[in-house]
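Participant: Quick one: the structure is below, and I'll ask about it shortly.
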Amino acid sequence: MKHWLFSLLLALPLHAIEWRTLQSTTFPGTIRQYAFHRSPKLDAKKPAALMVFQDGHSYVAGDFHAPKIIDQLVNEGVLPPMILVFVNPGVFGTELKQPQGWNSPKELRSNRSFEYDTLSPQYVQMLEKEILPLAEKEQTISKDPAQRAICGISSGGICAFTAAWERPDLFGKVMSHVGSFTNIRGGHVYPALVRKQPIRPIRIFLQDGSNDLDNEHGNWFLANQEMAAALKFRKYDFQFVTDDTGHGGKGGGKIFAESLRWLWR
C-alpha cells in the first residue's frame, strides 16, 4: 500500500481502546492493564486469528498504530480477521488510576523486567491462564499456532520470543522490535540455545537499528545479529531487517505494515 494512503488512514478516527485491569495470580501482588481490539470481518461463530502485543500501550498508537494498520490489511484481505490483545507489564499495587505508559507512577514498582527478560515459561503461562480466557469471551480464537502471533519491543521483544520458544503450541509467529537479547536476565544465551536445541515450528521477524543500545548488559545490535545468524544456521523461517535507528519504535514503525505482510503471508 502507498505510504501516503497509510498516513491518511492513521489520521482517521479509531474507536477508543477500552483498558481493563487484571490482578494476576501468576505474578502475585501485581496489577496490569490490558485491552482488546476486534478487526473487521470477524465472524463470532468462526475461530479468529490472534495477535498479542507486550507493552501494549506502545502499539495502540505511537510509532505503530497497530489497530488501524491491521484493520486496513484485514480489509485488503492480506491478513486474516483477528483479535488483537494489548497487554501491559505488571506493577505492584492494588489499583491503577491512570492509563499505563512508559512512565508508571513512582509509587508503583514495575515488574516488567522480571516478566519480560526472564527466560522461563511463567509469562506465557500468565497469558494462557489469565489473559487469553478473557479474550475468548470476546471472540472465539483459533487453536492453530500458525494463526497466533506475539509481538513486543525491547524487553517485550525477547519476551515475545520466549513465549513462542517455550510454547510453540500457543504461538507460531513472533515479531520483535529492538529485542533485548542481551544479558539483562540471561537472554544473551538465546543464540546458543537456538543453535543446539530442537527446532521449534515458529516464524520469526526481527528488527533492529545500528544505533541501538550499548551498555553493561550488552550491545543490542550485535545481539540481534547473533540471533539472526543462529536462526539462519538452523534454517528457521525468519527475516531480519536492519536500519540506522536507535532504541525505540521508529524503525519498526516505518515497516510495520510490510513486516505484518511477511509474518502472516
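Participant: Per residue of the stretch 206-223, in order, report the coupling 6.51 cos²θ - 1.76 cosθ + 1.60 (Karplus, θ = phi - 60°) as ³J(HN,Hα) in whole Hz, putting x for Gly and Pro.
Facilitator: Values per residue, Gly and Pro as x: 10, 9, 7, x, 5, 9, 5, 4, 9, 8, 5, 7, x, 10, 4, 5, 5, 5 Hz.
Participant: Given contacts defined as C-alpha pairs under 8 Å and at least six residues apart, what's the relative contact order of the chain, whole-number percent?
Facilitator: 17 percent
Participant: Counting helices only, and only those DSSP H runs with n ≥ 4, report the 222 nm mean residue ellipticity of the chain as the sum of -39,500 (n - 2.57) divided by its residues, in deg cm²/dmol to the nearest 500.
Facilitator: -9000 deg cm²/dmol
Participant: Set the Förster radius R0 to 35 Å, insert the Cβ-Cβ distance between residue 46 and residue 210 as r into 1/(1 + (r/R0)^6), and round the FRET efficiency to 0.05.
Facilitator: 0.20
Participant: Another question about this same structure. What FRET efficiency do you get for residue 189 and residue 16 if R0 is 35 Å and r is their Cβ-Cβ distance, rounded to the nearest 0.05?
Facilitator: For R0 = 35 Å, the calculated efficiency reads 0.25.
Participant: By the scheme Lys and Arg +1, Asp and Glu -1, what is the net charge of all other residues having a beta-carbon under 14 Å from that of residue 243?
Facilitator: -3
Participant: If the only charges are +1 at each Lys and Arg Cβ and -1 at each Asp and Glu Cβ, what is the size of the charge dipole of the stretch 3-263 around the Cα centre, to the nearest 20 debye?
Facilitator: 600 debye
Participant: Pick out, in residue order, every one of the GluC sites (Glu not before Pro) in the stretch 160-265 that is DSSP loop and has at most 13 other C-beta atoms within 10 Å; say none if there are none.
Facilitator: Filter output for the stretch 160-265: 216.
Participant: May I ask for log10 I(q)/I(0) of the chain at q = 0.10, 0.15, 0.16 Å⁻¹, from a Debye sum over the Cα atoms as equal point scatterers with solvent left out?
Facilitator: The Cα Debye sum returns log10 ratios of -0.46, -1.11, -1.28.
Participant: Excluding same-chain residues fewer than 8 positions from residue 196, which lysines have a Cα within less than 17 Å of its Cα?
Facilitator: Leaving aside lysines fewer than 8 places away in the same chain, those within reach of residue 196 are 232, 235.
Participant: Determine the gain in length on full extension of the stretch residue 146-residue 234; use 0.36 nm per residue of separation and subtract their C-alpha separation, reporting nm with one decimal.
Facilitator: That pair, residue 146 and residue 234, stretches by 29.7 nm at full extension.
Participant: Same structure, new question: Within the stretch 69-117, list the trypsin sites (Lys or Arg not before Pro) lying in a DSSP loop whose Cβ has at most 16 other Cβ atoms in a 10 Å radius.
Facilitator: In loop regions of the stretch 69-117 (DSSP not H, G, I, E or B), the sparsely surrounded trypsin sites (Lys or Arg not before Pro) are 97, 106, 109.
Participant: Let me ask something additional. Restricting to bridges with both residues inside the chain, how much of the DSSP beta-bridge set is antiparallel, in percent to the nearest 5?
Facilitator: Given both bridge residues lie in the chain, the antiparallel proportion sits at roughly 35 percent.
Participant: Between residue 262 and residue 97, what FRET efficiency follows from the Cβ-Cβ distance if R0 is 41 Å, with the result rounded to 0.05?
Facilitator: 0.55
Participant: Taking a cut-off of 24 Å between Cα atoms, list the lysines near residue 68, but don't count ones fewer than 8 places away on the same chain.
Facilitator: List returned: 2, 41, 45, 46, 137, 173, 250, 254.
Participant: So between residue 120 and residue 25, what do we pick up on full extension, going 0.36 nm a residue minus the alpha carbon distance?
Facilitator: Full extension of this stretch gives 32.6 nm more.
Participant: Follow-up question, since we're still on this one. What is the distance in Å between the Cα centroid of the stretch 197-265 and that of the stretch 125-157?
Facilitator: 21 Å
Just so you know, all these numbers are worked out from the coordinates, no wet-lab data involved. Given the structure is predicted, the values throughout are model-derived calculations rather than measurements. Backbone-built Cβ (ideal geometry, glycine too); neighbour counts: all protein chains shown.
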